[in-house]
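The values are calculated or read from the model by the stated rules, or taken from the named source; none is laboratory data. These numbers come from a predicted model, not from an experiment. For neighbour counting, all protein chains shown are included, and Cβ atoms are generated from backbone atoms with ideal geometry for every residue, glycine included.
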Amino acid sequence: MIDKEILDEIIPLPDIEELKEEKISELENEGFVITNFSSGGVFYTLLMIALQIRIEFITLLRSVLNNMFVSHAEGTWLKLKAADFSKKQKEAVKTQGYVTVTRGDNIDAVKIPKGHVFKTIKDIQGEELRFFVVKDTVLQKDLNTVEVLVEAEQEGAKYNVPPRQITRSLTYLDGGCTVLNGSDWIEREGSDIEDIESLRERTLRSWSELATRPIAEKYQNVCEAIPGVLFAKVNDLHPRGQGTVDIVITSTAGEATESLLEQVRSAISKIVGTYDDVLVKSSTNVEQPISVTVTIPSNITDENISNIVTAALIQLLKISKDRNLNELTHADIIYAVKGSASYVRNVKVTIPSEDIFLENDKVIVLGEISLTVERA
């Protein structure tokens with residue numbers, strides 16, 4: 001928003017009472033035929049309506065002025081301004097990946113038809129995430145497992161679930177087959193529609209794309225325009241020798257898939273400098289197990305404490321721009337757990353044994369959770 005003092009200097013917004021007194025004074029000086037300007041009179045009401053219309057019109061002009069600039073435009077206004085710079089809001093994308101179906105006690109082939117639904121366990125709010133099988137798949141008679149391609153029910157980064165979260169089948173699979181998503185199950189990262197501030201940031205960096213020779217911001221802008229890319233960190237200080245540039249891609253799921261990296265490399269190939277040696281690589285997910293001991297009052301019987309703690313830790317380590325992806329501290333874990341259940345008296349973190357600070361190309365993701373409940 002443009003500073004109020006600047007707006008007041010360019011398009012001042014009058015006070016309606018001061019404006020009323022000014023207009024009445026002008027009318028009296030001009031010998032206006034109507035002399036009754038008291039509150040409640042017909043002319044007074046019409047005058048106040050006219051003055052209010054003027055104020056509303058000036059307010060509109062101030063809003064239009066504010067939205068004429070990329071730095072201050074809001075909502076749809078920013079989308080329109082971004083189009084002037086050949087930028088548009090990144091669309092949401094559905095997650096795709098492979099889950100592993102393991103044979104139960106059935107020795108025959110097991111058919112998993114297209115449209116079959118796998119899902120996560122319900123969280124503390126009762127929400128479950130559903131994934132649909134993309135194509136007909138068969139667990140052959142002589143195999144113990146099969147990889148099944150699934151796609152999220154809806155668009156969104158929340159479907160980039162951590163490992164071991166997709167564990168249920170909507171309908172029974174022959175022989176009691178089990179399902180599980182592994183550590184590298186994602187083939188295409190799901191993403192939310194780009195937020196306005198991210199669009200504004202990319203639009204403001206558009207000037208860097210006019211550089212004859214590609215600079216760090218130009219590389220960054222081209223990479224971050226691709227759906228699924230959360231961050232693109234560019235090191236153009238000759239990391240591997242003269243003329244080398246390293247670009248580390250962090251996706252909405254943390255570690256980028258090979259298909260996303262190929263999209264980035266294709267986009268980079270169109271702007272790369274003649275003598276630049278550009279290396280595009282992914283950040284690396286680091287699974288971090290967490291073990292906590294939670295102390296609750298003896299008079300509280302909470303059977304959902306495990307689900308509450310799990311939901312809090314999943315939210316804490318959610319991949320987003322608002323989080324330092326390579327850091328995890330005991331204070332963050334304690335705050336997340338206590339914030340999710342006000343009756344928790346104490347939280348002791350045993351794993352990790354100390355605060356974790358990794359390199360910039362690492363992303364901490366949630367590993368196995370171990371919970372011990374004690375009563376005060």
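Any residue at all in the range 246-269 that's part of a loop (DSSP other than H, G, I, E, B) and more than 25 Å from Glu128 (Cα to Cα)?
For the range 246-269, residues part of a loop (DSSP other than H, G, I, E, B) and more than 25 Å from Glu128 (Cα to Cα): absent.
Set side by side, the residues Val264, Val280 differ, and just one is closer than 30 Å to His238 by Cβ, in contact with a Lys or Arg (Cβ under 7 Å, 6 or more places away or on another chain) and at pLDDT 90 or above, which is Val280.
Here's the yes/no breakdown for (1) on the phi < 0 side of the Ramachandran plot; (2) in contact (Cβ under 8 Å) with a residue 24 or more places away in the chain; (3) in contact with a Gly (Cβ under 9 Å, 6 or more places away or on another chain):
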{"residue": "Ile11", "(1), (2), (3)": "yes, yes, no"}
{"residue": "Glu21", "(1), (2), (3)": "yes, no, no"}
{"residue": "Glu28", "(1), (2), (3)": "yes, no, no"}
{"residue": "Val33", "(1), (2), (3)": "yes, no, no"}
{"residue": "Gly40", "(1), (2), (3)": "no, no, no"}
{"residue": "Tyr44", "(1), (2), (3)": "yes, no, no"}
{"residue": "Ile49", "(1), (2), (3)": "yes, no, no"}
{"residue": "Gln52", "(1), (2), (3)": "yes, yes, no"}
{"residue": "Phe57", "(1), (2), (3)": "yes, no, no"}
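Restricting Gly190, Gly156, Gly115, Gly182 to residues that are over 26 Å from Ile364 (Cα atoms), touching a residue at least 12 places away in the same chain (Cβ under 8 Å) and small (Gly, Ala, Ser) narrows the list to Gly115. Per the listing Ser169, Ser183, Ser206, the residue uniquely outside the structural domain of Pro113 (by TED's automatic domain parsing) and among the hydroxyl-bearing types (Ser, Thr, Tyr) is Ser206.
Of all the residues in the range 309-330, those that are free of Cβ contacts under 8 Å to residues at least 12 places away in the same chain and surrounded by fewer than 15 Cβ atoms within 10 Å (Cβ to Cβ) number 2. Evaluation of Leu325 against the conditions (1) outside any loop (DSSP other than H, G, I, E, B); (2) closer than 22 Å to Val161 by Cα; (3) in contact with a Lys or Arg (Cβ under 9 Å, 6 or more places away or on another chain) shows that the sole unmet condition is (1).
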